[in-house]
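Encoded as structure tokens, the structure appears first; notes follow it.
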Amino acid sequence: MHGTEDNRVSYEIGVEVAERLRNSTFYTFENKGHLPVTTATGEFCEVLRQFVRTGTVPAPPGAGK
């Protein structure tokens, strides 16, 4: 999970870390910063719930458009 507007750890670093971790899954919080748990609480909780239940994450809103 990483916000595209993170000014503490760049989004690009988050993507790179995910690419280097075998079997990782990455979720993008569009237009969110370093703490999407506080700025996109509902979305964060839904992604976390789905991951815990199924081992997968949903596509971010607007993905594939």
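Coordinate-derived values only; no laboratory data. Everything numeric in this text was worked out from a predicted model, so none of it was measured. Backbone-built Cβ (ideal geometry, glycine too); neighbour counts: all protein chains shown.
So what does log10 I(q)/I(0) come out to for the chain at q = 0.15, 0.19, 0.26 Å⁻¹, using the Debye formula with one equal point on every Cα and no solvent?
-0.46, -0.74, -1.26
Name the residue, out of Thr41, Thr25, Thr54, whose mean-square fluctuation peaks in a Gaussian network model built on the chain with Cα pairs under 10 Å.
Thr54
What net charge is computed for the residues neighbouring Thr39, neighbours being all others with C-beta under 10 Å from the C-beta of Thr39, Lys and Arg scored +1, Asp and Glu -1? Before the final figure, lay out the partial values.
Working: positive: Lys32; negative: Glu5, Glu43.
Every neighbour counted, the sum reads -1.
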